[in-house]
Amino acid sequence: MLGLAEKAPVQASLTAEQEAFDPREEKKLAIALWLINSSLTNPDREEILRFAHTDSLEEASKAIYTELDKRGLRKVFEDIEMPLVPIIEKMEERGVLIDKEALATLSKTYHKALTKLEKTIFTLAGEEFNVNSPKQLGVILFDRLGLTIKNQKKTEGGAKSTRESELEKLRDVHPIISHILEYRELQKLLSTYIDTIPTLIGADKRLHTTWSQTGSTTGRMSSQNPNLQNIPNKTDLGRAIRNAFVATSGFLLAAFDYSQIELRIAAFLSGDKKLIEIFKSGRDVHSEVAARVFRVGSREVTPDMRRKAKVINFGILYGMGVNALRQNLGGTREEAQKFYKDYFAEFSGLAVYLDRVKADAARKGYTETLFGRRRYFEGINSPLPYIKAGAERMAINAPIQGTEADILKIAMKNIDDFTKERGIEGDVHPLLQVHDELVYEIREEMAVETARDIEKVMESVVPVSSTAGIILETHVSIGKSWGEMAAP
DNA sequence: CGCATACGCGCC
DNA sequence: AAACGGCGCGTTTGCG
């Protein structure tokens, strides 16, 4: 059947030199290359060789390190990324203990509820269909039941979207909607977490994710098989999954998170006087921002004013425009426009900074974090407005998210150093990194004391002289599981 | 049948 | 239309 010429294996043959090249050196090369061009996430050997237009790793090595120095990335490489390599290896090796029975219990409960919801949905729809299929669901909702949404969002492929934010608009229009939303939630929790995690547990009853040190364009880490950076936290049903992430006997879990770290970074990178003052005051940032934008006293801030301030505060970090702001706030375009204008009139230092980041990115082609990590932007000078605007949003976010990534990576190293200095490496094990949070397993009798020390180590990662006096406030909580943690 | 894509959604 | 940055992944669907 198969001719010999067909299906010839397209395997790149390894040269003797490539065979002999130290795998650890190759791993370092991959990291160096990613620092040079962070679009190349998780670069493989092929990418490394392609960069230097060679089939010799030795040659590629020279080219890559030369380029690393040329772009001023040596310090990021040596001081941030290299020390992290063995730490990540230890994290992968140790893994995190999973309470399989807890997940089995959840599975039973949620499957029962799911089946019940499905029945109700079929009754309300008047027929059976696959609720997991957006296509079939769309037919039921928009054709058979004739439900309509004004300004109905379309999907990439042109179909009427059934995503949550659209269904929310129909919640009060038809009783099937709330059931579908509940069904979606349970289905997601079961298929992605509750019924999948148990299949990935090792003989040691622990979950060993694979961490990617070079997994994002901004400097962040990523996690795969499974992704432990998106374990549910928002809803009670989802958060219950965290109860299954437990400490080994004789240990406790300790979670440390940097409070509002991205906004703090935006404050000191921009040098915005008022935002800096708010953080230095130690008060609630969203309330204080609301007070200033709406020109009321701190005590006169209503929950709705705070909510709006929170939306725009987060939006800033992502380069959000007026339209996206309106989308999030509800309300009219004019209201959103006024709010947007008032915000930047008040925080003018932030406005100037954001413009400067865009201008610098356009001029130089890249942005830099506090520590010099770079991200390049293909489309920053594109004649196509939407391409340029897209690149500008990424450019605004990159120094902020990237500085956060730098800080977390340095924190991991400094905590590792701290435990070695104390001679307690065997009592303090890093388990997880979730972008602004670190989770450790610490020997029970020393957990509280050590947690307080680690908290201080984290707050000292960047000297206040570099943060305009803003403290990188860190919160710690301790518990037997990731789901039931409390301040010590 | 395996694979890529569309869609949707979990986290920060 | 979309209009907000960064990830990984499950299910469905259509294709070869």
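The values are calculated or read from the model by the stated rules, or taken from the named source; none is laboratory data. On a predicted model such as this, the values are computed, not experimentally measured, just so you know. Positions of Cβ are generated from backbone atoms using ideal geometry, with glycine treated the same way; all protein chains shown enter the neighbour counts.
Points to keep in mind about this one:
- Of the listed requirements (1) more than 20 Å from the chain's Cα centre (by Cα); (2) at negative phi; (3) touching a residue at least 40 places away in the same chain (Cβ under 8 Å), A:I407 misses just one: (1).
- The range A:136-173, subset within 29 Å of the chain's Cα centre (by Cα) and assigned to a helix (DSSP H, G or I), residue nearest to DNA strand B (Cβ to nearest atom): A:E164
- Evaluation of A:N132 against (1) touching a strand residue (DSSP E or B) at 6+ places or on another chain (Cβ under 7 Å); (2) within 14 Å of DNA strand B (Cβ to nearest atom) (one fails), failing number: (1)
- Of all the listed residues (A:G250, A:G271), the sole one being in contact with a Gly (Cβ under 6 Å, 6 or more places away or on another chain), on the phi > 0 side of the Ramachandran plot and in contact (Cβ under 8 Å) with a residue 40 or more places away in the chain is A:G271.
- Residues in the range A:200-221 that are more than 9 Å from DNA strand B (Cβ to nearest atom) and either basic (K, R) or closer than 24 Å to A:S477 by Cα (or both): A:K205, A:R206, A:L207, A:H208, A:T209, A:W211, A:M221.
- Lone unmet requirement of (1) farther than 23 Å from A:K75 by Cβ; (2) part of a helix (DSSP H, G or I) for A:E425: (2)
A quick yes/no check of all residues on (1) under 24 Å from A:Y386 (Cβ atoms); (2) part of a helix (DSSP H, G or I):
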position	(1), (2)
A:A254	no, no
A:K280	no, yes
A:L325	yes, yes
A:E335	no, yes
A:K338	no, yes
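- Check on A:R239, near DNA strand B (Cβ under 10 Å from one of its atoms) and at pLDDT 95 or above: yes
- Counted residues, the range A:370-427 - those being among the small types (G, A, S) and closer than 21 Å to A:A267 by Cβ: 6
- Residue count for the range A:318-355 under the criterion of being more than 12 Å from DNA strand C (Cβ to nearest atom) and within 19 Å of A:T218 (Cβ to Cβ): the result is 2.
- Any hit, the range A:378-385, residues being under 26 Å from the mean Cα position of the chain (by Cα), within 16 Å of DNA strand B (Cβ to nearest atom), outside the structural domain of A:K274 (by TED's automatic domain parsing) and buried (at least 19 other Cβ atoms within 10 Å of the Cβ): no
- Residues satisfying the stated conditions in the range A:1-47, i.e. at pLDDT below 95, outside any loop (DSSP other than H, G, I, E, B) and aliphatic (A, V, I, L, M): A:A16, A:A20
- For the range A:388-420, the set of residues classified as more than 11 Å from DNA strand C (Cβ to nearest atom) and either outside any helix (DSSP H, G or I) or within 25 Å of A:V322 (Cβ to Cβ) (or both) consists of A:K388, A:P399, listed by residue number.
- The set of residues in the range A:68-109 that are within 23 Å of A:D204 (Cα to Cα), among the acidic types (D, E) and surrounded by 14 or more Cβ atoms within 10 Å (Cβ to Cβ) contains only A:D99.
- Counted residues, the range A:116-159 - those being near DNA strand C (Cβ under 9 Å from one of its atoms), more than 18 Å from A:Q187 (Cβ to Cβ) and among the charged types (D, E, K, R): 3
- Scope the range A:264-287; condition acidic (D, E) and crowded, with 21+ Cβ neighbours inside 10 Å; matching residues: A:D272
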